[in-house]
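Take a look at the structure set out below.
Derivation of every value follows stated rules applied to the coordinates shown; laboratory data play no part. Remember, it's a predicted structure, so these values are computed and weren't measured experimentally. Positions of Cβ are generated from backbone atoms using ideal geometry, with glycine treated the same way; all protein chains shown enter the neighbour counts.
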Amino acid sequence: MPKWVGAAGCCINGDGKLLMVKGKDDDIWSVPSGGQELNESLQECCVREVWEETGYKVEVVRHLTTKKETWGEWDAEVHYFLVRLIGGSKQFQDPDDLIGDIDWVSRTDIGQLQLQYPEDYNLLMGLLEFSSFI
């Protein structure tokens with residue numbers, strides 16, 4: 001079975017809100033993420049994907065978790081990282097043209113969103129709940 005490997009960036013701003021992106025053709029939200037390119041570390045992939053999808057520059061703080069699952073005929077492995085905002089600004093510059101909105105989402109609001117990966121809910125809520133300690 002072919003394998004897909006990628007990274008996702010979880011970024012919380014000074015107001016305790018999580019950076020999320022919405023699909024262009026739907027109302028489904030996720031943290032910025034994407035596939036690892038050739039000769040790219042997972043941390044580099046994470047930083048690149050956040051920048052490409054949002055315009056924000058981040059640095060990796062630490063690895064949070066790895067999610068492994070099967071997508072059709074693919075084995076998928078997504079590495080989630082906590083990242084820190086270090087610059088940039090909100091920009092629609094996704095080379096895949098899949099992003100319809102970029103927003104900072106509060107703990108209260110995240111429960112109202114349709115998540116692309118509902119299994120991420122507890123991880124995201126936990127990060128938002130303890131954001132003042134991060």
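Antiparallel DSSP bridges in the range 3-133: what percent, to the nearest 5? Please list the in-between numbers first.
Working: 26 of 37 bridges.
So the antiparallel bridges in the range 3-133 amount to around 70 percent.
Between 119, 77, 44, find the one with the highest GNM mean-square fluctuation for the chain; connect C-alpha pairs within less than 10 Å.
119
Near the amide H of residue 24, under 5 Å away, which other amide H atoms are found, from residues 5 or more places off or on another chain, if H is placed in the peptide plane?
Residues meeting the amide H criterion: 99, 100.
Select from 69, 40, 52 the residue whose mean-square fluctuation is largest in a Gaussian network model of the chain (Cα-Cα springs shorter than 10 Å).
Of 69, 40, 52, the Gaussian network model singles out 69 as fluctuating most.
Among 14, 55, 35, which one shows the biggest mean-square fluctuation in a GNM of the chain, springs joining Cα atoms closer than 10 Å?
14
Would you calculate the convex hull of the Cα atoms in the chain and tell me its volume per residue in Å³?
Spread over its residues, the Cα hull of the chain gives 108 Å³ apiece.
What are the trypsin sites (Lys or Arg not before Pro) within the range 1-82 that DSSP puts in a loop, where the Cβ has at most 16 other Cβ atoms within 10 Å?
Working: sites: 3, 17, 22, 24, 48, 57, 62, 67, 68; in loops: 17, 24.
Here the trypsin sites (Lys or Arg not before Pro) that fit, given the DSSP loop and packing criteria, are 24.
Could you name the lysines whose alpha carbon sits less than 20 Å from that of residue 57, not counting residues in the same chain fewer than 8 places away?
Within the straight-line limit of under 20 Å, residue 57 reaches these lysines: 17, 22, 90.
Skipping prolines and chain starts, which residues have an amide H placed within reach, meaning under 5 Å, of the one on residue 91, given they are 5 or more residues away or on another chain?
Those qualifying (amide H under 5 Å, at least 5 residues apart or on another chain) are 55, 56.
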